[in-house]
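Throughout, read-outs are computed from the coordinates displayed, never taken from laboratory work. All values reported here derive from a predicted model rather than from experimental measurement. Positions of Cβ are generated from backbone atoms using ideal geometry, with glycine treated the same way; all protein chains shown enter the neighbour counts.
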Amino acid sequence: VHTPRVFSGIKPSGGLTLGNYLGAIKKFVATQGSMETIYCVVDLHAITVWQDPDDLRNATREVAAGYLASGLDPSQSILFNQSQVSAHAELGWIFNCVARVGWMNRMTQFKEKAGKNAEKQSLGLYAYPSLMAADILLYHATQVPVGEDQKQHVELTRDIAAKFNHDYKVDFFPQPDPVIDGPATRVMNLRDGTKKMSKSGQSDMERINMTDDADTIAKKFKKARTDPEPLPETYDGLAERPEARNLVDIYAALSDVTPAEVVTEYAGAGWGQFKPALADLAVSKLAPISEEMARMMDDPAEIDRVLAEGADRARAIADPILAKTYEIVGM
Ligand code: ADP
Ligand code: NA
């Protein structure tokens, strides 16, 4: 039996979005204190697509600042960036030798990101779920709070753990569970409701950044694509209205109520009423965080210090698990 332990991470591949906040960070904060929590800035994942080195350094600090400003506390959670703990890359290699090519071929996120150009992508982008399995299993984590888009990768992590245990006749790695709950497990793009909101690969008007100012947030929600119908009487009435449902879900997640309650409150309201209310709500939640992030970004040395201290604590857990893994494998 494995002690409950939470691991999750965010890629420093651009500015943080409302999707990252509602799908990940807000849940990281909610989990903190109830069990051991480890939150990583996964910079090794970011370079699966080329990053300008200075931008990468900056984005790593920005994700860390986003964690801290949202309420993650280094005395309660281990906060660090992945590349400082070399055991991630080492266990990732071992898992490359456990995972099967056929498993990677089934990963929908690679297919979506690569499009018709799979042959031109980095080998790292293709193998990235195997490194993600290492991130999680290196800490024997049992719970992984993520957005819906990461569900398949956590399932692959379970398959890798099971195959490793089977191949080496051990009961060493746990079967981690994805934790995907609440109304905002898949925040959609504001202009194209068929795509998830993401910090990379889409234009700025399509997403809300955690650091957007009040006017920008209001403008983006105002221009968000919707249908012309007013809000229905019940949440079921949004079943065939994905863009409208997305805005209701965002409102619900930001205000910690159910989407059904939002629909009840705004039944019959038009977008001219709902969108400004949503913008005000988003500003009231994000402005204090982005102000704190800006303050922290003025002192990068302090962020680096927090990350270095977190890396020391992460290594204290990871290194013995990696050493045991090598021993099991015969090294
Ligand atoms: P991005 O796609 O913005 O680059 P990452 O791949 O770094 O984000 O994902 C970091 C975390 O944020 C993951 O748990 C992921 O599931 C979550 N996440 C990312 N985008 C969304 C979204 N649009 N809705 C909900 N959760 C999301
Ligand atoms: Na992503």
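Structural remarks
- Neighbour net charge for Asp280 - beta-carbon separation under 15 angstrom, K R +1, D E -1: +1
- Helix 242-255 axis, angle to the chain major axis (alpha carbon atoms, nearest 10°): 80 degrees
- Amide hydrogen proximity for Arg5: with H placed 1.01 Å from N in the peptide plane, the residues at 5 or more positions away or on another chain lying under 5 Å are Thr142, Gln143.
- Backbone phi angles across segment 277-288, fed through the Karplus curve with coefficients 6.51, -1.76 and 1.60 (θ = phi - 60°), yield HN-Hα couplings of 5, 5, 4, 4, 4, 4, 4, 5, 7, 8, 4, x Hz in residue order; Gly and Pro are listed as x.
- The local environment of Asn96, defined by Cβ-Cβ distances under 13 Å, has a net charge of +1 under the rule Lys, Arg +1 and Asp, Glu -1.
- 3J(HN,Hα) along segment 258-266, derived from phi through the Karplus expression 6.51 cos²θ - 1.76 cosθ + 1.60 where θ = phi - 60°, amounts to 7, x, 4, 5, 5, 5, 4, 5, 10 Hz, with x in place of Gly and Pro.
- Percent of alpha-carbon pairs separated by more than 18 Å within segment 204-294: 42 percent
- Straightening the chain between Lys222 and Gln273 buys 17.3 nm, computed as 0.36 nm per residue apart minus the Cα-Cα spacing.
- Volume per residue that the Cα convex hull of segment 81-217 spans, once the total is divided by residue count, Å³: 137 Å³
- Annotation: amide H of Met188 within the under-5 Å range of Met197, sequence separation 5 or more or interchain, hydrogens built in the peptide plane.
- Antiparallel %, DSSP beta bridges [both residues in the chain], to 5: 10 percent
- Counting neighbouring beta carbons within 10 Å and listing from fewest to most, the residues Ile47, Ile250, Ile217 come out as Ile47, Ile217, Ile250.
- Applying a DSSP loop filter and a limit of 15 other Cβ atoms within 10 Å to the trypsin sites (Lys or Arg not before Pro) in segment 89-189 leaves Arg100, Arg106, Lys116, Lys169.
- A Gaussian network model of the chain, with springs between Cα atoms under 10 Å, assigns the largest mean-square fluctuation among Val179, Val101, Val187 to Val101.
- Amide H within-cut-off set for Thr17, under 5 Å, with H built and near neighbours excluded: Met210
- Listed cross-link partners Lys111/Lys324; Lys113/Lys223; Lys116/Lys285; Lys11/Lys169; Lys26/Lys169 are compared with a 32 Å cut-off, the Cα-Cα value being larger for Lys111/Lys324; Lys116/Lys285; Lys11/Lys169; Lys26/Lys169.
- The 3J(HN,Hα) values that the Karplus relation (6.51, -1.76, 1.60; θ = phi - 60°) gives for segment 66-81 are, in residue order, x, 4, 5, 5, 7, x, 6, 10, x, 7, 10, 10, 8, 10, 7, 10 Hz. Gly and Pro appear as x.
- Förster radius 45 Å - calculated FRET efficiency between Ala260 and Val1, Cβ distance, rounded to 0.05: 0.75
- Dipole axis of the chain (+1 Lys, Arg; -1 Asp, Glu on Cβ), positive-most option in Tyr139, Tyr21, Val329: Val329
- Percentage of interatomic Cα-Cα distances in the chain larger than 26 Å: 49 percent
- The percentage of C-alpha pairs in segment 256-316 whose separation is greater than 18 Å is 61%.
- Relative contact order %, segment 204-294, counting alpha carbon pairs below 8 Å whose residues are six or more apart: 39 percent
- Segment 24-162 - convex hull of alpha carbons, volume per residue in Å³: 115 Å³
- Net dipole in debye of the chain [+1 Lys, Arg Cβ; -1 Asp, Glu Cβ; about Cα centre; nearest 20]: 880 debye
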